[in-house]
1. May I ask you to say which residue of B:Leu86, B:Leu117 is of a type in the set (A, V, I, L, M) and surrounded by fewer than 24 Cβ atoms within 10 Å (Cβ to Cβ)?
2. Look through segment A:1-21, keep the residues that are surrounded by 13 or more Cβ atoms within 10 Å (Cβ to Cβ) and under 20 Å from the mean Cα position of the chain (by Cα), and return whichever of them is farthest from the other protein chains (Cβ to nearest Cβ).
3. Only residues that are part of a loop (DSSP other than H, G, I, E, B) and among the small types (Gly, Ala, Ser): list them for segment A:154-190, please.
4. Can you spot a residue in segment A:223-232 that is touching a Pro at 6+ places or on another chain (Cβ under 6 Å), farther than 27 Å from A:Ile101 by Cβ and surrounded by fewer than 24 Cβ atoms within 10 Å (Cβ to Cβ)?
5. Quick check on segment B:195-216: of everything there that is touching a residue at least 40 places away in the same chain (Cβ under 8 Å) and of a type in the set (D, E, K, R), which residue is surrounded by the most Cβ atoms within 10 Å (Cβ to Cβ)?
6. Within segment B:253-289, restricting attention to residues that are hydroxyl-bearing (Ser, Thr, Tyr) and in a helix (DSSP H, G or I), which residue is surrounded by the fewest Cβ atoms within 10 Å (Cβ to Cβ)?
7. Do we find that A:Thr76 is of a type in the set (S, T, N, Q) and surrounded by fewer than 15 Cβ atoms within 10 Å (Cβ to Cβ) in this structure?
8. Does A:Pro54 satisfy the condition of being over 23 Å from the mean Cα position of the chain (by Cα) and more than 14 Å from chain B (Cβ to nearest Cβ)?
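The values are calculated or read from the model by the stated rules, or taken from the named source; none is laboratory data. No experiment lies behind these values; they were computed from the predicted model shown. Note: ideal-geometry Cβ built from the backbone for every residue, glycine included; neighbour counts use all protein chains shown.
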Amino acid sequence: MDFLSLFPPEFIRIIISSIIIVTFIFVNAIIMVYLERKIAGHIQRRPGPMEVGPHGILQTIIDGIKLITKQLIIPTDVNKPLFRLAPLLSFTPSILPFIVIPFSKSFQARDLDLGIVFILAISAINVLALLVAGWASDNKYSLFGAMRAVSQNIAFEVPILLSILSVVLMTNTFSMQGIVAAQNKIWFVLLQPIAFIVYFISGLAETNRAPFDLPEAESELTAGFHTEYSGMGFGLFFLGEYGNMFIVSSIATVLFLGGWHGPFPLPFGDFTNIIWFMIKVYALLILMVQIRWTYPRVRFDQLLNLAWKYLIPISIVNLLITAVIVKL
Amino acid sequence: MIQQDSTNRESFLLNMGPQHPSTHGVLRVILEMDGEYIVNLEPVLGYGHRMHEKMAESRAWQSFYANMPRMDYVGALPFNHGYVGLIERMTGIEVPKRAEYIRVITSELNRLSSHLLWVGAFLLDLGAFTPILYTFDDREHILDILEDITGSRLTYSYYRVGGVYRDVDYKFINKTRDFLIRLKERFKIYKDLVTDNIIFIKRLKGVGIISQDMARRYGVTGAVLRGSGIKYDIRKNEPYSVYPELDFEIPIGHSGDSFDRYIVKMQEMEQSIRIIDQALDRLPDGPFKGKVPKKISLPPGDYNFAVETARGELSYYMVGDGSEIPYRLKIRVPSYSNLSLLPELCQGMLLADMVATMGSLDLVIPEIDR
């Protein structure tokens, strides 16, 4: 213990939290990939992965090992530093928001006063990663994907912000714990249904999930911004995508679905309420998976029209109405 | 080849194919792009060229027969039908009624399987991953049925001059009837999931409009032509086999956009079911193969025979010189003409619309590169 006492307790706390968060991201990605492939399989009337382990539960781990051991192919004409940097740039911002996500009253690395603003600020970096990847790849399809990603993310950040603001107006706090605490009587999805729907649609678009997966649009752009990536370069983009999905779902849970509040109290609620939180998050994630495997892809102009012509005006009106009612 | 204008710095070239998920085979399309918009487009062919027409001139007509299904492997039986029909017309060989009915039933089954595959692949082009597995499931049943009587699943050589290779049995008839009942049920799923889907409709309505004049100029056939509102189907306009005895309609579209082409194909499937139902009811007893001489020489002169494949008009034009070896065989395939209007059709289009439009034309590349 003498060794540990050399460091300030805050430092140790940070290290432990980061280790837990990174582990959690990988575990979550493993579960989500397996879940997605199984659900996709059953939607498509096939069993999904079945070979590795019982019902294929080890399939994602094997796939991960394959991705890690694969040779990183770097095409000759790419901008090498940027090409290497882009996957990291995409993965890192999907870690940081976990610091402020309140899994339960005690399971939170740090309750910042500006928690939700912190998340929004960090996740905005992701689009930079896609732009860098597309630009550095020296491939026209990648560039197409990157350009689409940028305009799509910028367009949908506005309705996300507006719908979050209408919740913040009701709670008078940016702190994630504060927002959860404000919902101990009634969940905000009942008071702000429009904001929830706007947020969820925009969240799908922010994470580049089908039907808004235009940056990778397989049938048009082969693989979009990650066309030239192989091995773990591709793997990091993949992890980043699942990390972002988890963040979008957990923000939706915190803001609209009552966070870790459950229908009945559990013993040691400060810790065990994480179960309620996870159930809600995974329900949203499964919904996202189901949407992906059901609908065709929208066209690019339709996607932007959806944001600028429908979602933004709707959420502005919603925000104004909220403001008037709350402040009266 | 598109030449890039050095003074025009606004546009750039994008090479789509020969390996690309939505060109369905080895078609290469050179796109001149202005951002996401297509300024100019040129399809490049020849990656899968096998000199079929030249091969026909160098061997006896029987030896060439096996090449037929290799052209359009998705809907191979109408290609069989056209070739044996041509030889029968040249030599005046009579075909028993039962054989003609079997040909119609199997051809229509093959048309169904081809259309089902197209629906799935078309939706894959639009970014919907799931429907193709449902249509493949249905198609699998057809392949099983056809495998039982023809012996192959994809490249059939089932028809023979003067009849068919094998007779059908009650097992085939029962399986086909069961399948048709099942398929009718499945159409409801397709309607709910696909046809009424708002994203699907928005992606296709008003996209890739082919006017009647344009359709005539390029000589397109099949669902592409009928989607523009022109009622032209070889089965009705130049009836062959026993089609005149059967009651069916030719569905047509109105505006000629991609959505109309989709609707026409879906309605054609319903008509095919109708045809098979009737043909099974009327299937006469009797021989499945007529009297055919051991050696058939091709009489001198020009002969033509056309059939309606799943993609449009297929026409064989043969010149015989009294020997077994054709002097010349010209094959007019539907996909070639249907592809030829793509450059005019896609000018000024978004890349995503171009993929959707190309999908709606239902191209089979080995048929173009034959």
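1. Working: B:Leu86 fails: surrounded by fewer than 24 Cβ atoms within 10 Å (Cβ to Cβ).
Within the list B:Leu86, B:Leu117, the selection yields B:Leu117.
2. Checking each candidate, the answer is A:Ser17.
3. Let us first name the residues in segment A:154-190 that are part of a loop (DSSP other than H, G, I, E, B), namely A:172-175, A:182-187.
Across segment A:154-190, the qualifying residues are A:Ser175, A:Ala182.
4. First pass over segment A:223-232, keeping only residues touching a Pro at 6+ places or on another chain (Cβ under 6 Å): A:224-225, A:228.
If we keep only those that are farther than 27 Å from A:Ile101 by Cβ as well, we get A:224, A:228.
From what is left, the residues that are surrounded by fewer than 24 Cβ atoms within 10 Å (Cβ to Cβ) are A:228.
So far as segment A:223-232 goes, yes, one or more of its residues are touching a Pro at 6+ places or on another chain (Cβ under 6 Å), farther than 27 Å from A:Ile101 by Cβ and surrounded by fewer than 24 Cβ atoms within 10 Å (Cβ to Cβ).
5. B:Arg203
6. Here is the first cut: in segment B:253-289, the residues hydroxyl-bearing (Ser, Thr, Tyr) are B:255, B:258, B:262, B:272.
In the following step, the residues that additionally are in a helix (DSSP H, G or I) were identified as B:258, B:262, B:272.
On the way: B:Ser258: 28, B:Tyr262: 26, B:Ser272: 21.
Among those that are hydroxyl-bearing (Ser, Thr, Tyr) and in a helix (DSSP H, G or I), it is B:Ser272.
7. yes
8. Numbers: over 23 Å from the mean Cα position of the chain (by Cα): yes; more than 14 Å from chain B (Cβ to nearest Cβ): yes.
Yes: the conditions hold for A:Pro54.
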